[in-house]
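Engineer: Once you've had a glance at the structure underneath, I'll fire off some questions.
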Amino acid sequence: MAVDDEPLALGLVCSFIEQTPFLRLVGRHESAVAALKALHEQPEIQLLFLDIKMPDLSGMELARVLQRGPRVIFTTAFNQYALEGFRVDALDYLLKPFNYEEFLRAALKAKTYFELKQAHDAPPAVPAAATPEPEQDHIYLKVEYQLVRVALADIVYVEGLKDYVKVHLASQTRPLLSLTSLRSMEEKLPASKFLRIHRSYIVGLGHIQAVGRGTVQIQGETLPVSDGYREAFDQFFSRWK
């Protein structure tokens with residue numbers, strides 16, 4: 001679906017959608033209010049190309065209302081909304097005027113996202129009772145408008161910041177930056193392989209180099225163990241000895 005209050009801009013996005021083989025245009029609207037009504041009538045819609053500055057209801061406001069609805073690629077002439085677009089979990093952000101090559105790059109990101117999601121959500125080929133599910137060996141992280149597959153064995157430790165986490169990997173020097181909470185990461189990571197030792201740190205057990213009474217040495221860094229996580233850490237420490 002395409003939504004833009006400028007007829008020329010709306011027509012351009014619609015023409016780009018129609019010439020892209022893996023996209024199908026299911027609606028075009030000149031206001032976010034009309035788009036919201038259409039989305040309630042067509043809940044199967046998966047992707048919106050959405051302008052931000054519109055009267056009555058802005059594209060950003062619509063994206064907040066939708067929450068778990070279709071994914072959004074913003075189209076706007078104003079670059080100051082980029083961070084806010086990231087906060088509402090937009091797939092991408094196209095700055096007007098954009099050409100078909102830029103549009104296609106964003107559309108391919110969306111295609112990759114839905115393919116990964118479909119593969120991740122697909123039911124097992126055989127009943128769980130017949131064949132045990134293999135242990136989880138990866139997670140997916142939202143990194144710079146992309147869904148990135150990260151092997152659990154590659155995660156050295158996770159550092160919680162204010163609204164983000166830094167995921168430090170063994171395979172690269174620069175950590176991945178993802179807009180999520182450390183609590184959410186703790187829920188994703190299996191307890192058999194990871195341990196939270198501090199309100200700001202989760203460590204990969206297989207990467208620990210040394211353990212003290214109140215510290216963990218990992219990838220050349222010495223991380224503190226806080227009192228709130230001392231009991232679980234002491235249990236691990238007694239086995240590690």
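Quick note: the coordinates plus some simple rules give every number you see, no bench work behind them. These numbers were taken from a predicted model, which means no experiment stands behind them. As a convention, Cβ positions derive from the backbone with ideal geometry for all residues, glycine included, and neighbour counts pool all protein chains shown.
Engineer: Given the options Ala63, Ala32, Ala170, which has the most mean-square fluctuation in a GNM of the chain, springs set between C-alpha atoms less than 10 angstrom apart?
Structural biologist: Ala170
Engineer: Could you give the length gained by full extension between Phe237 and Gln46, i.e. 0.36 nm per residue of separation minus their alpha carbon distance, to one decimal place? Intermediate results must be reported in sequence, preceding the final value.
Structural biologist: Details: separation 191, 0.36 × 191 = 68.76 nm, distance 4.74 nm.
In short, 64.0 nm is gained.
Engineer: Go ahead and collect, in residue order, the members of segment 44-59 whose backbone nitrogen is under 12 Å from a label point 7 Å along the Cα-Cβ direction of Val26.
Structural biologist: Answer for segment 44-59: 44-48.
Engineer: If R0 is 22 Å, what FRET efficiency do you get for Arg230 and Arg183 from their C-beta distance, rounded to 0.05? Before the final figure, lay out each step's value.
Structural biologist: Values: r = 19 Å, r/R0 = 0.84.
It comes to 0.75.
Engineer: Once you order the gyration tensor axes a ≥ b ≥ c over the Cα atoms, which shape class does segment 2-121 get: rounded for a/c under 1.5, otherwise prolate or oblate by comparing a/b with b/c?
Structural biologist: Working: a/c = 1.24, a/b = 1.12, b/c = 1.11.
Rounded, since a/c falls under 1.5.
Engineer: For the chain, modelled as a GNM with alpha-carbon contacts under 10 angstrom, which of Tyr229, Tyr145, Tyr93 fluctuates the most?
Structural biologist: Comparing Tyr229, Tyr145, Tyr93 in a Gaussian network model of the chain, the most mobile one is Tyr229.
Engineer: Would you check the chain for Lys pairs whose C-alpha atoms are within less than 21 Å, ignoring same-chain pairs closer than 8 in sequence, and give me the count?
Structural biologist: Summing the qualifying lysine pairs gives 15.
Engineer: While we're looking at this one, here's another question. Sketch the reach of a paramagnetic label on Asp56 as a point 7 Å from Cα along Cα-to-Cβ, and name the residues of segment 1-32 whose backbone nitrogen lies under 11 Å away.
Structural biologist: 30-32
Engineer: Modelling each spin label as a point 7 Å along the Cα-to-Cβ direction, I'd like the Gln136/Lys96 distance in nm, to one decimal.
Structural biologist: Modelled inter-label distance: 4.1 nm.
Engineer: Next question, about the same structure. For a test of the definition: using alpha carbon positions, the gyration tensor, and the 1.5 limit on a/c, classify the chain as rounded, prolate or oblate.
Structural biologist: Note, shape of the chain comes out prolate.
Engineer: Follow-up. Compute a Gaussian network model of the chain, connecting alpha carbons closer than 10 Å, and tell me which residue from Arg71, Arg199, Arg213 fluctuates the most.
Structural biologist: Maximum fluctuation in the GNM of the chain, among the listed residues, is at Arg213.
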